[in-house]
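Below is one structure, written out as structure tokens; the observations come after it.
The values are calculated or read from the model by the stated rules, or taken from the named source; none is laboratory data. If you're wondering where the values come from, they're calculated on a predicted model, not measured in any experiment. So basically every Cβ, Gly included, is an ideal-geometry build from the backbone, and we count neighbours across all protein chains shown. With ligands, DNA and RNA removed, areas are computed over all heavy atoms of the protein, side chains included. Shrake-Rupley method; radii C 1.70, N 1.55, O 1.52, S 1.80 Å.
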Amino acid sequence: MESIKQIFRIGHGPSSSHTMGPMRAAGIFLERNATAARFQVTLYGSLAATGKGHMTDQAIVEVLEPIAPTIILWEPKIFLPFHPNGMIFESFNAGGHPLEKWTVYSIGGGTLANEDFNELKTQEIYQMSTIREIQEWCQKKGYSYWEYVEQCEGPEIWDYLAEVWEIMQEAIQHGLDTEGAIPGGLGLRRKACDYLIRAKGYGSNIRSRGLVYAYALAVSEENACSGRIVTAPTCGSCGVLPAVLFHLKESHDFRESRILKALATAGLFGNVVRTNASVSGAEVGCQGEIGVACAMAAAAANQLFGGTAAQIEYAAEMGLEHYLGLTCDPVCGLVQIPCIERNAFAAARALDANTYSQFSDGRHRVSFDQVVEVMRQTGKDLFSLYKETSEGGLAGLSEMNE
């Protein structure tokens, strides 16, 4: 496996696969074609189907247009063979003659790949790529998951995670302080501020849950408004882990060093899924985004409360298991309905998974790795309508799209 930095990517929303990835691809293509007189970019499959809602065209044009005029073409019915999120970049000289044609795919989490290269398969720094192997190592050595991360990544990982945590907290604070409508045409208003105020009016139990909702909504709404966030593991699921960690920090006064260790553990579990299955909604549905985010947050919470390696694994397993089969069906292709609410509910479910696991000794029948494989196969079997095409599921409700 490569660095957990690939799980925690810093950037702007609303989508890691539809905004971050295409913007990065445009930057790479521009470096090779800085003297071009014109650009043309064709978007295919899921990328084209929901790209306008995710501002894919704006992300690409923002990079290329300052250099030369750029045309964006949409082909939502054509799926290139490598991945549903296909792009073809073309450059031309002043005489209209082609300079370069480059096919590339945004495969989730802001990562790029094609038949010649794959960012998933570069800079392998983890020898073990399953939780079973890592858990056995932890139990044999008496270590925890975060110590395996430190051993593989080096001590410099803590500086990176400190930056990640700072940006996560900034997204929460800015999201709580900002009101108004979310752009995109659905007329959806920001709710985080209202949820925060209402939560503070309740007793301890409801107050606690309301605060978690507010924190998750704050980050998810920031993402929907193209704010600066951290993928965890994607933009569409970026509110879950920050909400859980911020809530536990505020309610239990955990030191930052413990929060960073929990982040490392969360990143490790997300990395295992990314390596052995996928975190792309276009490839496996929302189970690969919100389900993985829930698993990461559950593992992080359990780490904070001193869970054993087995208990942490159990919490993560439950977090993902109960999202198996979840479709990716954003209304109008926007990362708003049902995505924002899913972040709030997944944060609450992650805390429940942590609590349930804490009551156990960590022993259970179905392992995290098995659930990851089931998730991969389930995603493969899902009809394409339910994988970020904006045609099936909730996205297919005509009255919501009018």
Can you tell me which of 111-118, 203-210 comes out highest on packing, and rank the rest after it, using the mean Cβ neighbours within 10 Å? 111-118, 203-210
If all Cα-Cα distances of the chain are sorted into 10 Å bins from 0 onward, what percent lands in each bin, rounded to whole numbers? 5, 24, 33, 24, 10, 2, 0, 0
The answer for Leu73, listing residues at least 5 apart or on another chain whose modeled amide H is closer than 5 Å to its amide H, is Val41, Thr42, Leu43
How large is the dipole of the chain about the Cα centre if only Lys and Arg carry +1 and Asp and Glu carry -1, each at its Cβ, rounded to the nearest 20 debye? 600
Hey, in the GNM for the chain with a 10 angstrom Cα cutoff, which one of Gly109, Gly392, Gly95 fluctuates hardest? Gly95
Please check which bits of the range 268-312 a label hung off Glu136 would reach, taking the label as a point 7 Å along Cα-to-C-beta and the cut-off as backbone N under 14 Å. none
Hey, got the dipole for the range 211-295? About the Cα centre, +1 on K and R Cβ, -1 on D and E Cβ, debye to the nearest 20? 280
Between the modelled labels at Ser204 and Ile125 (7 Å from Cα along Cα→Cβ) the distance in nm is 4.2
Return the carbon/sulfur percentage of the accessible area of the range 123-195, one whole number, probe 1.4 Å, all protein chains in place. 43
Probe 1.4 Å, protein heavy atoms only - accessible area per residue of the range 140-297 in square angstrom: 36
Charge dipole (the chain, unit charges on Cβ, about Cα centre) - positive-most of Ile131, Val292, Val244: Val244
Relative to the Cα centre, what is the charge dipole magnitude of the range 247-402, using +1 at the beta carbon of each Lys and Arg, -1 at the beta carbon of each Asp and Glu, and rounding to the nearest 20 debye? 560
Over the range 310-402, with the other protein chains present, what is the accessible area per residue in square angstrom, probe 1.4 angstrom? 46
On the protein heavy atoms, probe 1.4 angstrom, tell me the percent of accessible surface of the range 294-370 carried by carbon and sulfur. 55
What nm value, rounded to one decimal, do you get for the distance between Lys380 and Ile88 when each label is placed 7 Å out toward the C-beta? 2.8
If you take the charge dipole of the range 1-116 about its Cα centre, with +1 on Lys and Arg Cβ and -1 on Asp and Glu Cβ, which of Thr70, Gly13, Ile107 is farthest toward its positive end? Gly13
Euclidean distance between Cα centres, the range 108-164 to the range 350-402, Å: 23
Positive end of the dipole of the chain, charges at C-beta (+1 Lys, Arg; -1 Asp, Glu), about the Cα centre: which of Phe92, Val149, Thr327 has its Cα farthest in that direction? Thr327
Cysteines in the chain lacking a second Cys C-beta under 4.7 Å: Cys138, Cys152, Cys193, Cys225, Cys235, Cys238, Cys294, Cys332, Cys339
If amide H atoms are built 1.01 Å from N in the plane of the peptide, which residues on other chains or at least 5 residues away come under 5 Å of the amide H of Leu99? Ser91, Phe92, Asn93
Calculate one ³J(HN,Hα) per residue across the range 96-103 by plugging θ = phi - 60° into the Karplus curve 6.51 cos²θ - 1.76 cosθ + 1.60, and present them in order as whole Hz with x for glycine and proline. x, 7, x, 9, 8, 10, 10, 9
